[in-house]
Amino acid sequence: MLKWKLMITTLPYVVVVAAAKAVLRYGFNFEGILEFGDVGVVLTGGVFLTGFLLTGVMADYKESEKLPGDVAGTLETIEENLLQANAAKPALDVTPYRKGLLELAESICDWLFKKTSEPFTALSKFRGVLEQLERDGAGSHANKALGELHNLRKAITRMSVISRTGFLPPAYALLETLLAVILLLVLAAKYKSPLAEMILVPFVALIYVYMLRLIKDVDDPFDYAPDGKQQGGAEVELFPLTEYRDRLKGRLAGK
């Protein structure tokens, strides 16, 4: 059902355009002032600009698909360093440090689910945890964990930038203007038959409105609600991160 969400929510816009054309034709006897074929150049420009924007946002989207797995892998590597520290020094109880790691994982998930405003405070707090681990004699294992924390901070910063930065706002402005012009021209055009009008008006409106909304949806691949549901229909999956958090929670509960 999720894959149809964007399509279903676009249909009301299509109905409005089709209804407007029907009112013009049957309510005001307005059949159009230019041939539909003359609109072809504008439609082609819309296709070109749509393809340009979609290519741009897809580049960030493909990178975004990797980031939840990178974050989960880095967290698990930090946990392995903690376990290695315990293996090298059995007297060192790393359970409190693993609980700190769980708090960090939960903070990152809460941030992605819009429950907290930023995750960097939690990252700084966990850095203090690793510094305490080093003072407790973990040695090189603590240093390795600090290096992984640096990688984690870079991945999360990249996620934040992708989520909060729109792709070329001036290009969006042009596409939105072009979409309005296309819809007006479709309403002002005349068609060879009522059947052609009934098919072409909703079809053109669906294609262009849907693609604009799809591009905006893809532009923020981390748009999740606090309950964990996707706000749009093109968010990247976060299961590598949430599943690692649950595994860590289960391992700690089993101790």
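What follows is calculated from the coordinates using simple rules that are stated; it is not laboratory data. Everything quoted here is computed from the prediction, not taken from an experiment. Here Cβ is always computed from backbone atoms with ideal geometry, including for glycine, and neighbour counts include all displayed protein chains.
Between LEU11 and ALA225, 0.36 nm times their residue separation minus their Cα-Cα distance comes to what? The partial results should precede the final answer.
On the way: separation 214, 0.36 × 214 = 77.04 nm, distance 2.30 nm.
That pair, LEU11 and ALA225, stretches by 74.7 nm at full extension.
In this rough spin-label picture, where each label sits 7 Å from Cα along the Cβ direction, the GLU118-ARG247 distance is 3.1 nm.
The distance between label points at ILE33 and SER193 comes to 2.8 nm (points 7 Å beyond Cα on the Cα→Cβ vector).
3J(HN,Hα) along the stretch 62-73, derived from phi through the Karplus expression 6.51 cos²θ - 1.76 cosθ + 1.60 where θ = phi - 60°, amounts to 5, 5, 5, 4, 7, 5, x, x, 5, 5, 5, x Hz, with x in place of Gly and Pro. Assign one of three labels to the stretch 1-113, namely rounded, prolate or oblate, based on the Cα gyration tensor with a ≥ b ≥ c the square roots of its eigenvalues; rounded applies when a/c is under 1.5, prolate when it is not and a/b is larger than b/c, and oblate otherwise. In terms of gyration-tensor shape, prolate.
Taking the Kirkwood radius as Rh and the Cα radius of gyration as Rg, the chain has a ratio of Rg/Rh equal to 1.21. Across the chain, the mean sequence separation of Cα contacts (distance under 8 Å, 6 or more residues apart), normalised by length, yields a relative contact order of 39 percent. Phi-derived couplings, Karplus 6.51 cos²θ - 1.76 cosθ + 1.60 at θ = phi - 60°, listed residue by residue for the stretch 6-14: 5, 4, 5, 6, 8, 4, x, 5, 5 Hz, with x used for Gly and Pro. Candidates LEU168, LEU133, PRO12 compared by Cα position along the dipole of the stretch 2-253: farthest toward the positive end lies PRO12, with charges placed on Cβ. Kindly provide log₁₀ I(q)/I(0) values, in the same order as q = 0.13, 0.15 Å⁻¹, from the Debye equation applied to equal alpha-carbon scatterers of the stretch 59-209. After summing over all Cα pairs, the log10 values are -0.69, -0.82.
Across the stretch 238-245, coupling constants 3J(HN,Hα) worked out from phi with the 6.51/-1.76/1.60 Karplus curve, θ = phi - 60°, read 9, 4, x, 6, 5, 5, 5, 4 Hz, and Gly and Pro carry x.
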